[in-house]
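*Asks:* Mind looking over this structure? Questions follow.
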Amino acid sequence: MTSNSNENYHMIDTAIYYKVFGLLLILTTATILQPIVFHTDLQNTYAIQMLISFTKVALVVSYYMHIKGSKPFYKRLVFGTTALLFSMYIIMAIDTYARHTNSDIFN
């Protein structure tokens, strides 16, 4: 009996790729138009822009990098790496904020 190595491969329909591409175009348009249409302060604009960009990253990683249909090991690997990078970003943001405040313990 011969075994086919592709029998467990998860195929995604081409229509899904077009839907994800359309959603990425809509999110890119929202990224460009958000500061123009909604006149918010810099912090809110930054938060909205980061939310849109994380959504786009999640779509690209899930569908175009085929993580959605992959083994649980790879899903955990991608999630763990993302969590590590996000936590490092938070630590650096806290450090940058604390460096320029009056409550700095090193002054």
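*Asks:* Taking segment 70-80 only, how many residues are charged (D, E, K, R) and loosely packed, with under 12 Cβ neighbours inside 10 Å? It would help to see each step written out before you state the result.
*Replies:* Quick first cut of segment 70-80, residues charged (D, E, K, R) only: 71, 75-76.
Now restrict to residues that are loosely packed, with under 12 Cβ neighbours inside 10 Å: 71, 76.
Number satisfying all stated conditions: 2.
*Asks:* From 83, 98, 58, which residue is over 14 Å from the mean Cα position of the chain (by Cα) and open to solvent by less than 60 Å² (accessible area, probe 1.4 Å)? Show your work before the answer.
*Replies:* Numbers: 83 fails: over 14 Å from the mean Cα position of the chain (by Cα); 58 fails: over 14 Å from the mean Cα position of the chain (by Cα).
Answer to the check: 98.
*Asks:* Looking at segment 36-45, can you tell me whether even one residue there is in a helix (DSSP H, G or I), of a type in the set (S, T, N, Q) and open to solvent by less than 70 Å² (accessible area, probe 1.4 Å)? Please lay out each step first, then the result.
*Replies:* Start the filter on segment 36-45 by keeping residues that are in a helix (DSSP H, G or I), which leaves 36-37, 42-45.
Still in the running and of a type in the set (S, T, N, Q): 43-45.
Applying the additional criterion that residues be open to solvent by less than 70 Å² (accessible area, probe 1.4 Å) yields 45.
For segment 36-45, residues in a helix (DSSP H, G or I), of a type in the set (S, T, N, Q) and open to solvent by less than 70 Å² (accessible area, probe 1.4 Å): present.
*Asks:* Taking residue 67 as the residue in question, decide whether it is open to solvent by less than 70 Å² (accessible area, probe 1.4 Å), at pLDDT 90 or above, within 15 Å of the chain's Cα centre (by Cα) and not acidic (Asp, Glu).
*Replies:* Working: open to solvent by less than 70 Å² (accessible area, probe 1.4 Å): yes; at pLDDT 90 or above: no; within 15 Å of the chain's Cα centre (by Cα): yes; not acidic (Asp, Glu): yes.
When the stated conditions are applied, residue 67 does not pass them.
*Asks:* Could you figure out which of (1) assigned to a helix (DSSP H, G or I); (2) within 24 Å of residue 18 (Cα to Cα); (3) free of Cβ contacts under 8 Å to residues at least 24 places away in the same chain isn't true of residue 59?
*Replies:* (3)
The values are calculated or read from the model by the stated rules, or taken from the named source; none is laboratory data. Just so it is clear, the structure is predicted and the values come from calculations on it, not from any experiment. For neighbour counting, all protein chains shown are included, and Cβ atoms are generated from backbone atoms with ideal geometry for every residue, glycine included. Note: accessible area is taken over every heavy atom of the protein model, side chains too, but ligands, DNA and RNA are not part of it. Shrake-Rupley method; radii C 1.70, N 1.55, O 1.52, S 1.80 Å.
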